[in-house]
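Novice: Attaching a single structure in structure tokens format; questions to follow.
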Amino acid sequence: MNQMQLTHIFTQKHHQNQHQNAPNLIVHFENWWNSFSPQHSILTSTIQQVCPTCNIIITTLHPSSHTPDLILSSIFGPIPSHSLSSSPIRILYIGENLNLPGYSHWKSALYRSSLKPAHFLFGNIVPTTQFHPLSFTDLLSQSINTINLSSIYASFSPEWIDTAFQHLSYIHSHQNPNTSLIQTHTKSIAFLARSNLFQFRTKLIASINSLPLNSISIDCPSKLNKNMKSLRKLNLTKIQFLSQYKFNLCPENSLSFGYVTEKLLDASLSGAIPIYCGGKKHFVLDRIFNLDRIVMIPSMNQKGIDVMLKKLEILLKNESLLSDFFAKPIYSQSAIECIMRLIVERRILLQYAVHIALFNKSCMTKDRKESLESCSDRVQQWINATSQSEIRRTLTEIHKQQQNLPNH
């Protein structure tokens, strides 16, 4: 298979809108999960929006066969062995818990090694003293010449935040109590999972099944504890399936600060009450979700399970209490603002990464025939005038989205 078969080129539909001599931007994807599709990724479309005058070339070929300008990597593969100062601009996405043994080498590279694996970092991570947290004020006040690339710029921006952004109307409409919501949730408990790390999930199922209640049934259409048809055979999406149930047992596979996956969001979008363990009190939990409507499992041990069982049993034994609990707002009053800010922060991260990649490509070459200042100005034009104007455009788009939300 040749290079063109493995490369996808994005070009503008209206070439007359492109800036004269706008460059190709070669974006290389590596170390992603098997089903990941760069062509259909939100990252690719965002990069195109960030530089609308660029010809974005997406490739998954080994970097030795070409010279990428920007590398977007995840952690399902080897850590880069070369110095950041001699490599293309690297963006690293982390969607897994780095405290698990299989990812310890990535954790060491990020937190301990002097050889950092990326310039920019986002996903289920929490900026610490090792990283520069992304800041509107800090980045907007800097030009691309002054950003310090010896440190990592980081932003908490999990993959599921895009799904939340697509459901802002639903989230907005469920920031208030809803006494009728429970009427369509006629079944008991749903559980969907494939893995059983530390055997915690099967312990949860066994513990719930041991409650002295005849009304309990846990329906499991996925691989773990499967006892019914799969979602595919039922011809249902996950959200459609969960929307039949009063509860969704949805613990993370491990407990770590900042490790919050799509499980809690999926439960909330279905209207089911989440029985959840994860995040370790990360800010995203109470800024997006109403924790008073979640049956929390505070720890991944028997003590944490017992806390959950006590709460669950009370609700299942008292129909009035369960109705009141179910009617509570699903989302926090700060949910919309938090979701929008996380979307914008990732947009800023990609904005600066693309900006610097184009600057390096065009202005830091030996055969450059113009001044650094002139070249920098040209790059600014490719990026759609200035970083600040692009970010303001993003904020305007999000403001319009917010204004389209229905009134309570």
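The values are calculated or read from the model by the stated rules, or taken from the named source; none is laboratory data. The structure presented is a predicted model; accordingly, all values stated were derived computationally and were not measured. All Cβ positions, even for glycine, are placed from backbone atoms using ideal geometry, and neighbour counts span all protein chains on display. Accessible surface areas use protein heavy atoms only, side chains included; no ligands, DNA or RNA. Shrake-Rupley method; radii C 1.70, N 1.55, O 1.52, S 1.80 Å.
Novice: Within segment 241-248, is there a residue that is basic (Lys, Arg), touching a His at 6+ places or on another chain (Cβ under 6 Å) and not in a loop (DSSP other than H, G, I, E, B)?
Specialist: Yes.
Novice: Take Arg201 and decide whether it is surrounded by 15 or more Cβ atoms within 10 Å (Cβ to Cβ) and over 30 Å from Arg112 (Cα atoms).
Specialist: yes
Novice: On the given criteria, is Leu321 within 18 Å of the chain's Cα centre (by Cα) and under 23 Å from Ser173 (Cα atoms)?
Specialist: no
Novice: In this structure, is Asn301 in the same structural domain as Asp324 (by the TED database) and open to solvent by 60 Å² or more (accessible area, probe 1.4 Å)?
Specialist: yes
Novice: Condition first: out of contact with any Cys (no Cβ under 7 Å at 6 or more places or on another chain) and surrounded by fewer than 16 Cβ atoms within 10 Å (Cβ to Cβ). Can you find one or more residues in segment 237-251 that meet it?
Specialist: yes
Novice: Going by the conditions given, is Leu110 open to solvent by less than 10 Å² (accessible area, probe 1.4 Å) and modelled with pLDDT of 90 or more?
Specialist: Criteria not met by Leu110.
Novice: Let me ask something else about it. Scan segment 324-357 for residues that are buried (at least 20 other Cβ atoms within 10 Å of the Cβ) and of a type in the set (Asp, Glu) and report the count.
Specialist: Within segment 324-357, residues that are buried (at least 20 other Cβ atoms within 10 Å of the Cβ) and of a type in the set (Asp, Glu) number 1.
Novice: If you don't mind, there's one more thing I want to ask. Considering each of Leu321, Leu309 in turn, give the residue that is in contact (Cβ under 8 Å) with a residue 24 or more places away in the chain and either assigned to a helix (DSSP H, G or I) or open to solvent by 30 Å² or more (accessible area, probe 1.4 Å) (or both).
Specialist: Leu309
Novice: Which one of these does Lys281 not meet: (1) in contact with a strand residue (DSSP E or B) (Cβ under 8 Å, 6 or more places away or on another chain); (2) part of a loop (DSSP other than H, G, I, E, B); (3) not β-branched (Val, Ile, Thr)?
Specialist: (1)
Novice: I need a count of the residues in segment 208-240 that are more than 12 Å from Ala193 (Cβ to Cβ) and either part of a strand (DSSP E or B) or polar (S, T, N, Q) (or both).
Specialist: Count: 11.
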